[in-house]
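**Q** One structure follows; several queries about it will come next.
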Amino acid sequence: MKKNITSSLLAFATLAVAMAQSPAPEAEKLNIVTSFLPVQSHTLAIAGDHANVKQLLAKDTGPHDFQLTPADVKKLSDADLLIINGAGIEEWLGELIKKSGNKNLVVVDTSNRIKLVESAEEIEIGHSHSHAHDHDHGDGANPHIWLDPVIAKKQAANIVAALQKADPPNASAYAQNGRAYEAKLWALDSDYRSTLAPLPNKNLVTFHDAFPYLAARYQLNYVGAISEFPEKDPTPKQLAALIDKIRSLKVGVLFAENGYAPGLLKKIASETGAKVSELDTLEVGQGTPTAYLDRMGANLESLRSAFGKGD
Ligand SMILES: [Zn+2]
């Protein structure tokens, strides 16, 4: 009997030591759902081992063409936080949140306190126009803020603050991970500046209207995009105006994007004598702690190689 008590006590002590040393059990960790690749990447880097982080969009779906499934509703039903890009790109979220029935869900909009614009021209001029064109971007703002590394850093800071608020015991870990990640975003920004500044003829023509923030940040000449968003064809008048600009500026490279067949873009390239390269909008794919940094790095290489040829 005595032996039994001793061994039970020993077993209990061993268990207690093991519990104190290991991270919180999965069931006690913060459950976070993010919308798509950039916010998933930032959140994974900041959360480290301290939270369960799931991406809502499947790796082959972009935020412009998202369709709700019962599995998406289920993902949200037991989440504590839902972290989104915001700026109107996840406009399908309202219905999803309602269907999940999760009354305790906290939605973190990472575009909070970030200045939104409709076009690169507006960023450069620094004041607001009252353009009256039809738009799929909520209130008219262009939502592609994540493609500017400096804005991404603000989004990451918003994620750090949200995680600290939701999970105070791990606040210092989130701050530490956030500082390390922020340093990587600064390095990315610095690479963009030093690589792009000396290049001539930085005329940027892309497939969809995803790069005005990036263009404004690094002083690229944002000539225009073929489509406002994927699967929306331009009108013949818009197309003719863009082709005129491509010809008059002697634009040497048009940027298609991964995930979308650029039939129209190829046609414009062959009509104007431009070459075709690729830029990644980071809208499609699975976020990992380094996916944002890696794919933005690949974009910089694409830009360097296109603009470096002195078109
Ligand atoms: Zn887009």
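**Q** To make sure I understand the rule: partners must be lysines, Cα under 27 Å from the Cα of Lys202, and not fewer than 8 residues away in the same chain. Which ones qualify?
**A** Cα-Cα hits under 27 Å: Lys115, Lys153, Lys154, Lys184, Lys232, Lys237, Lys245, Lys250, Lys266, Lys267, Lys275, Lys309.
**Q** How much accessible area per residue does the stretch 197-307 have, in Å², with a 1.4 Å probe?
**A** In whole numbers, the stretch 197-307 has 44 Å² accessible per residue.
**Q** Let me ask something else. Calculate, for Trp92 and Lys59, the FRET efficiency according to 1/(1 + (r/R0)^6) with r their C-beta to C-beta distance and R0 25 Å; round to the nearest 0.05.
**A** So, using R0 = 25 Å, E works out to roughly 0.90.
**Q** Just to verify a number: FRET efficiency for Gln219 and Ala27, C-beta to C-beta distance, R0 = 35 Å, to 0.05?
**A** 0.10
**Q** How big is the charge dipole of the stretch 197-307 about its Cα centre, in debye rounded to the nearest 20, if each Lys and Arg gets +1 on its Cβ and each Asp and Glu gets -1 on its Cβ?
**A** Roughly 480 debye for the stretch 197-307.
**Q** Assuming R0 = 41 Å, what is the FRET efficiency of Glu271 and Ala298, from their Cβ-Cβ distance, to the nearest 0.05?
**A** 0.90
**Q** Calculate, in nm to one decimal, what Asn201 and Ala240 gain on full extension: separation in residues at 0.36 nm each, minus their alpha carbon distance.
**A** Gain on extension, Asn201 to Ala240, equals 11.9 nm.
**Q** Additional query: For Thr288 and Ala161, calculate 0.36 nm times their separation in residues minus their Cα-Cα distance, and state this gained length in nm to one decimal.
**A** 43.7 nm
**Q** Separate question: If you roll a 1.4 Å probe over the stretch 197-307 with all protein chains in place, what percent of the accessible area is carbon or sulfur?
**A** Roughly 54 percent, rounded to a whole number.
**Q** Then there's this: Once every Cα of the stretch 197-307 carries one equal point scatterer and solvent is ignored, give the base-10 log of I(q)/I(0) from the Debye formula at q = 0.12, 0.19, 0.23 Å⁻¹, two decimals.
**A** -0.39, -0.99, -1.43
**Q** In Å and from the alpha-carbon atoms only, list the Rg and Dmax of the stretch 29-82.
**A** My reading of the Cα-based Rg and Dmax gives 11.1, 32 Å.
**Q** Near the amide H of Ile83, under 5 Å away, which other amide H atoms are found, from residues 5 or more places off or on another chain, if H is placed in the peptide plane?
**A** Amide H neighbours of Ile83, under 5 Å, 5+ apart: Val33, Thr34, Ser35, Val108.
**Q** Next up: Quick one: what Rg and Dmax do you get for the stretch 130-279 from the alpha carbons, in Å?
**A** 18.7, 60
**Q** For Ile114, what residues show an amide H to amide H distance below 5 Å, using hydrogens built from the backbone and excluding near sequence neighbours?
**A** The list, which skips near neighbours in sequence, is empty: none.
**Q** Give me the one-decimal nm value for the distance between modelled label points at Ser305 and Ser248, 7 Å along each residue's Cα-to-Cβ direction.
**A** Result: 3.2 nm between the two label points.
**Q** Taking H as built 1.01 Å from N, whose amide H comes closer than 5 Å to the amide H of Asn221, not counting residues under 5 places away?
**A** Those qualifying (amide H under 5 Å, at least 5 residues apart or on another chain) are Lys202, Asn203, Leu204.
The values are calculated or read from the model by the stated rules, or taken from the named source; none is laboratory data. Here the structure is a predicted model, which means the values were calculated and not measured. Cβ atoms come from the backbone with ideal geometry, glycine included; neighbour counts cover every protein chain shown. Each accessible area value is taken on the protein alone, full model and side chains, heavy atoms only, with ligands, DNA and RNA left out. Shrake-Rupley method; radii C 1.70, N 1.55, O 1.52, S 1.80 Å.
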